[in-house]
Ligand code: CDP
């Protein structure tokens, strides 16, 4: 069992990143947002797509790319800052903001299901795991990336609650979005994450399920902390 890894998996908007960041700060584990790797990987191609400005959609264009050749040009790193915040660095450039672009979020579904992409990200995550104690949030950390993690949680909430939380987050950032559209986008992403053949979003058999629909952030943090500290 790997004592140095805490895995927090779950769907979009479940609040897993907020709790992972705060639990990590309290137990001295570095927080890693594994979604940021899929986002940065997608951004690499998104930028090329924009530059080439082809007439075909991204979903078609990406099929014609030889990922095996391109992958050697990609380097993704997490820079740990104080208080559990991170920077995502793609080929020496800070892309922490850019990876959140709605277009990138939408395009991830063409790359995240591919074995070659998942192997690349998993290698990055294992390299970090060799050096640090980590608390990671994602979709497949407890099932595929670190199945031997000692601590595994699956954090979820109803679709309405998750859409509402994401909506509030965006409003606070000054981003204008439609709540119903946001809910539809999240539901679509859940579906593609759960239905992909390789490493789908799924709760590990030995994970602890936390439904946060009716729970405040602090209650969830304390539940996770007490499970970790009592074992
Ligand atoms: O923050 P949010 O929940 O919106 O998403 P994210 O954690 O940034 O992840 C973005 C997308 O990356 C997910 O919808 C998944 O398709 C993919 N992802 C994945 O396949 N495996 C992971 N371990 C993390 C993210």
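The values are calculated or read from the model by the stated rules, or taken from the named source; none is laboratory data. These numbers come from a predicted model, not from an experiment. With ideal geometry, Cβ positions are generated from the backbone for all residues, glycine too; neighbour counts draw on all protein chains shown.
Within region 1-21, the residues that satisfy the criterion of being under 26 Å from residue 213 (Cα atoms), outside any strand (DSSP E or B) and either in contact with a strand residue (DSSP E or B) (Cβ under 8 Å, 6 or more places away or on another chain) or at pLDDT 95 or above (or both) are 10, 11, 14, 15, 16, 17, 19, 20, 21.
Looking at 41, 120, which is the one that is assigned to a helix (DSSP H, G or I), within 16 Å of the ligand (Cβ to nearest atom), closer than 24 Å to residue 175 by Cβ and at pLDDT 95 or above? Write out each step before concluding.
Values: 120 fails: closer than 24 Å to residue 175 by Cβ.
On inspection, the qualifying residue turns out to be 41.
Let's see how each residue does on (1) more than 16 Å from residue 114 (Cβ to Cβ); (2) at pLDDT below 95; (3) away from the ligand (no atom under 16 Å from the Cβ); (4) exposed (fewer than 11 other Cβ atoms within 10 Å of the Cβ):
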| site | (1), (2), (3), (4) |
| --- | --- |
| 36 | yes, no, no, no |
| 74 | no, no, no, no |
| 82 | yes, yes, yes, yes |
| 85 | yes, yes, no, no |
| 91 | yes, no, yes, no |
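When residue 20 is tested against the conditions (1) within 12 Å of the ligand (Cβ to nearest atom); (2) under 21 Å from residue 98 (Cβ atoms), the lone failure is (2).
Only one entry of 38, 49 meets the criterion of being within 24 Å of residue 101 (Cα to Cα) and under 16 Å from the mean Cα position of the chain (by Cα), and that entry is 38.
Which one is farthest from residue 30 (Cα to Cα) among residues in region 44-78 that are in contact (Cβ under 8 Å) with a residue 12 or more places away in the chain and outside any helix (DSSP H, G or I)? Only one residue tops the list, namely 65. Tell me, please, whether a residue that is more than 29 Å from residue 119 (Cα to Cα) and either more than 13 Å from the ligand (Cβ to nearest atom) or touching a helix residue (DSSP H, G or I) at 6+ places or on another chain (Cβ under 6 Å) (or both) can be found in region 144-158. Taking every residue of region 144-158 in turn, at least one turns out to be more than 29 Å from residue 119 (Cα to Cα) and either more than 13 Å from the ligand (Cβ to nearest atom) or touching a helix residue (DSSP H, G or I) at 6+ places or on another chain (Cβ under 6 Å) (or both).
Are any of the residues in region 189-204 more than 12 Å from the ligand (Cβ to nearest atom), free of Cβ contacts under 8 Å to residues at least 40 places away in the same chain and either over 17 Å from residue 11 (Cα atoms) or surrounded by fewer than 18 Cβ atoms within 10 Å (Cβ to Cβ) (or both)? No. Is it the case that some residue within region 205-217 is under 19 Å from residue 118 (Cβ atoms), touching a strand residue (DSSP E or B) at 6+ places or on another chain (Cβ under 7 Å) and surrounded by 15 or more Cβ atoms within 10 Å (Cβ to Cβ)? Checked against the condition, which is being under 19 Å from residue 118 (Cβ atoms), touching a strand residue (DSSP E or B) at 6+ places or on another chain (Cβ under 7 Å) and surrounded by 15 or more Cβ atoms within 10 Å (Cβ to Cβ), region 205-217 yields no hits at all.
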